[in-house]
Structure formats: structure tokens, C-alpha cells
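A.B. asks: Structure in C-alpha cells, see below.
Derivation of every value follows stated rules applied to the coordinates shown; laboratory data play no part. Nothing here was measured: the structure is a model prediction, and the numbers come from that model. In this analysis, Cβ positions are derived from the backbone assuming ideal geometry, glycine residues included, and neighbour counts consider all displayed protein chains.
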Amino acid sequence: MSLGTALMARLDDFAGFTDEPGVLTRFYLSGAHRRAADQLMRWMAEAGMAARLDAAGNVIGRYEGSTAGLPALLIGSHIDTIRNAGKYDGNYGVLAALAAVAEFDRQGIRLPFAIEIVGFGDEEGVRFPVTMTGSRALAGRLDPATLQACDAAGTSIAAALAEFGGDPGAIASCARRAEEILAYVELHIEQGPVLEAEGLPVGIVTAINGASRFEVSLTGQSGHAGTVPMKLRRDAVAAAAEMIVAIERMALETQELVATVGRISAQPGVVNVVAGAAGFSIDIRSSSDAIREGATHRITQALEAIGARRRLGVAIRQTHDAPATACAPALVAQFDAAVQRAGVPVRLLPSGAGHDAMVVAALAPVGMLFLRCRDGLSHHPDEAITAEDAELGIRILIDFLQHFTVPPR
């Protein structure tokens, strides 16, 4: 059986660890998460690794180098999922790394550094109102107060972690020292359509987009749909529509920027009443913080101008701000060389989605390799990759590891 076929079969098996029969739902610290963690540790042991569960619920497997105790190159991704997820988001990166290490073990190869594979928990941030809990703990960036956050049932992270088999009182023990970590790399499906559209199986990530999110509230005046003349209306929905089109236009006119209005509301929400209030969300992303911040300023000015002209109150509240994370140029170059040695054209591209690599970057240089996915589809049960691409990703990673040199900090 080829490496790709074997990996696809293992990914199918791994998708069986779910909290909801018939679909893949594996929330952080759930029963399915624990069963998946146990299986991952068994597979790690079969590949010659020493496997353990850390205090935050991360699965960590260590493959020693030519001598015991050497600093490690971390390879990881997440094993938690959204509700009704695809099989490959996060899971591909962990199990492809495991396939690469298993191949080294089969051939008796030891490298001049250790390899540690990390199966992070809580990258998705679905169960609790926080995210990246596992990677923040590993990077020493987890605020202990986070452990008091509760899910919809009122269960805190601390309580769920204790039941899972972690140790909320020992979270500080998860933090790694910079001197013991050489770098961090992550394989991941692209979650977008670029690679497939260009007929390319893999791409090298240059940066992970920064993101700013806002909630916009508009206050106008409700009125009877039949009696208030058009020119006298203070229609919050009409203003929201104009603002949303303006946001789209500015994003289309700005290179390396995407902007999304993903949620809208109207009050009172009655068919025969002019809406007196409306609200919508904005998500602005770019691999350049300067571009993102400049666009945010222009969008804010445009919304306020539209509101003033239409005689509406406009309130804009920022709810999230994360800077862009640059991948280490030395790791980009090493992936570039490995992709070329595989006989594949090199494509550099940013990541529009967030990843654990964003957090680990505070600890060590990071790099990422993307794998194309069918129709660019992700966070969906129809998420799909091919066995051929899956194997190519493994072989590029093996080659990368065999030629790896420590990047400067």
C-alpha cells in the first residue's frame, strides 16, 4: 500500500472518533477528543515515538535524534474539529507528520535533531468562547483565567480538562523553552481555491493573515412602510446595504485584502415596517498589518459618512484584532527547495485562515506547507483531497526534514 493510500485510510479511521454519530464533530476535551488522543498515542508508539498527553490536553510524540535529548523540530496541527466537519482540516497535518516519522523509523533513520509531533486541542474554538488553548499553553502564552471560561452547558475548561485527564493546575508545565525548540512547521489543507485553480498540488505559506473584526450597529427610525415617503426615511437596512456594498468595493480595490460581512440583522424585522435599527459584522484580513489597518480606517470613514448622510446613528465596536504572522524566510526557502526537488512548481501564498502556527511563532520560527483541496472547500463534510496529493505532502516533508537546517531567530 502506498504512503498516500495508507494515510487516507488512517484519516478515514480517525474520523470515526466523533461526538455525533454520522458526522464528524470532535470538540476540545470531549469524549471523542480523548478517544482520538488515545488512538494517536498508540500510532505514535508504533512509529517508534514516546507519546504523552500534556496538562492542556495536547498529544505530543517524540522521535529522538541521533543522540537522546537533542533540541526538537516541532511538527503539528490540531485534532479538534468544528461541528459536522471535514476529515482533513488539522488532522491531515498531524497524521502526515506521523507517516513521515514512521518512514524514518522503518528505515532506521535518526536525524541530528529530535522530531516532536503535536496534536493540538482547541484550535477551532467551538466549544468554549476562547481559541488556541493548546498552542497557547505550549508557547507559554495562556492566561490562567482562560481556564474559567465555560461552554454552553456551564462546564469550565478547568473542569473539562480534569475529566479529560489533563491537569488545570499544571498548565504552566506545558510551556516549552525556546532553546529546546528549533522551529515549528505545519502541513495543512489550503482551505481555499487558489492551488486547485492553478493546477498545483502544494503551496508554501509566506504569512498568516492578520484579522480585525467589528460589530456595526445602526440606529434610524422605524415607520409604516406605506406612509413614510422615501426621501424622509431613516432606513437602517437601506443604510446597511449601502455600507456592505462599500466594504466589498474597497476590498476589491485593495490588493492583498479580503473583507467579509458574514452576519446581518434588522429590527423590528417586520415586512411592512421601515427598519429602525440594523447591525452587521465585518471581518477584515490581510497578510500585511499596514494594509489591514489602512483599510480599516477607510472603511470606518465610509460607514460614518453614509450614516451621516442618511441621518443614522453609527456605532462601530471592535471585537477582535490579531496581527499577521510572517513565516520564517529560511523555512520558506527550505520548503521551496524541497518542492522543487519533488519536481513541482513553487507557489507562494498567504494563509487567510488562522492556525496554531500563529501562536507558536512567539516561541520559535514557523513555516507552513499547504495541500490543495477540492473546490477549495473546508469546514464542510465534503472537504476532500486525493491520495496522490496526500503522499506528495508526506514526501516533501520527509525531504524537508532530511535537508533541514536551523533557521535564525
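A.B. asks: For the residue pair Met230 and Ala384, what label-to-label distance in nm results when each label sits 7 Å from Cα along the Cα-to-beta-carbon direction?
C.D. replies: Using points 7 Å along Cα→Cβ, the separation is 4.7 nm.
A.B. asks: Calculate how many DSSP beta bridges within the chain are antiparallel, expressed in % of all such bridges and rounded to the nearest 5.
C.D. replies: Beta bridges within the chain, antiparallel portion: roughly 70 percent.
A.B. asks: Report the FRET efficiency, 1/(1 + (r/R0)^6), for Ser66 and Glu179, where r is their Cβ-Cβ distance and R0 is 25 Å, rounded to 0.05.
C.D. replies: For Ser66 and Glu179, the calculated efficiency is 0.85.
A.B. asks: What list of ³J(HN,Hα) values in whole Hz, one per residue of segment 155-167 in order, does the Karplus curve 6.51 cos²θ - 1.76 cosθ + 1.60 (θ = phi - 60°) give from phi, with Gly and Pro shown as x?
C.D. replies: Karplus values, whole Hz, x for Gly and Pro: 7, 7, 4, 4, 5, 5, 5, 4, 5, 5, x, x, 9.
A.B. asks: Kindly write out, for segment 240-247 in residue order, the coupling ³J(HN,Hα) from the Karplus curve 6.51 cos²θ - 1.76 cosθ + 1.60 (θ = phi - 60°), rounded to whole Hz, with x marking Gly and Pro.
C.D. replies: Working through the residues one at a time gives 4, 4, 5, 5, 5, 5, 5, 4 Hz.
A.B. asks: Separate question: Top mean-square fluctuation among Ala56, Ala326, Ala362, Gaussian network model of the chain, C-alpha springs under 10 Å?
C.D. replies: For the chain, modelled as a Gaussian network with Cα springs under 10 Å, the answer is Ala362.
A.B. asks: Starting from the 7 Å offset along Cα-to-Cβ, what nm value, one decimal, do you get for the label separation of Arg409 and Glu20?
C.D. replies: 4.3 nm
A.B. asks: Provide the per-residue ³J(HN,Hα) series for segment 282-288, in order, calculated from phi with Karplus coefficients 6.51, -1.76, 1.60 and θ = phi - 60°, each as a whole number of Hz, with x at glycine and proline positions.
C.D. replies: 9, 10, 10, 9, 7, 6, 10
A.B. asks: Bins of 10 Å, beginning at zero and ending with the bin holding the largest distance: percent of Cα pairs per bin for the chain, please.
C.D. replies: The percentages, shortest bin first, are 5, 21, 28, 23, 13, 7, 3, 1, 0.
A.B. asks: Given 20 °C and 1.002 mPa s, how large is the Stokes-Einstein diffusion coefficient of segment 355-409 in µm²/s, with Rh as the Kirkwood radius over Cα pairs?
C.D. replies: The calculation lands on 158 µm²/s.
A.B. asks: Between Ile109 and Glu256, what FRET efficiency comes out of the Förster formula 1/(1 + (r/R0)^6) with R0 = 41 Å and r the beta carbon distance, rounded to 0.05?
C.D. replies: 0.55
A.B. asks: Order by neighbour count: Val366, Val194, fewest other Cβ atoms within 10 Å first, most last.
C.D. replies: Val194, Val366
A.B. asks: Report the full-extension gain for the segment Glu304 to Gln221: residue separation times 0.36 nm, less the Cα-Cα distance, to one decimal in nm.
C.D. replies: 28.2 nm
A.B. asks: Taking the Cα of Val270, stepping 7 Å toward and past its beta carbon, and measuring to each backbone N in segment 209-232: which are under 12 Å?
C.D. replies: It comes to 222-226, nothing else.
A.B. asks: Within segment 50-170, what percent of beta bridges assigned by DSSP are antiparallel, to the nearest 5?
C.D. replies: 60 percent
A.B. asks: Using the Kirkwood formula over every pair of different C-alpha atoms, what hydrodynamic radius in Å results for segment 210-322?
C.D. replies: Roughly 14.5 Å, rounded to one decimal.
A.B. asks: Mind jotting down the distance between the C-alpha centroids of segment 1-32 and segment 94-139, whole Å?
C.D. replies: Result: 16 Å between the Cα centres.
A.B. asks: For segment 37-157, what number results from the quotient of the Cα radius of gyration and 2.2 N^0.38 Å?
C.D. replies: Cα-based Rg divided by the globular estimate yields 1.14.
A.B. asks: For the residues Ser378, Ser265, what sequence is obtained by ranking on other C-beta atoms within 10 Å, fewest first?
C.D. replies: Listed from fewest to most nearby Cβ atoms, that is Ser265, Ser378.
A.B. asks: Sort Cys174, Cys150, Cys373 so the one with the fewest other Cβ atoms within 10 Å of its own Cβ comes first.
C.D. replies: Cys150, Cys174, Cys373
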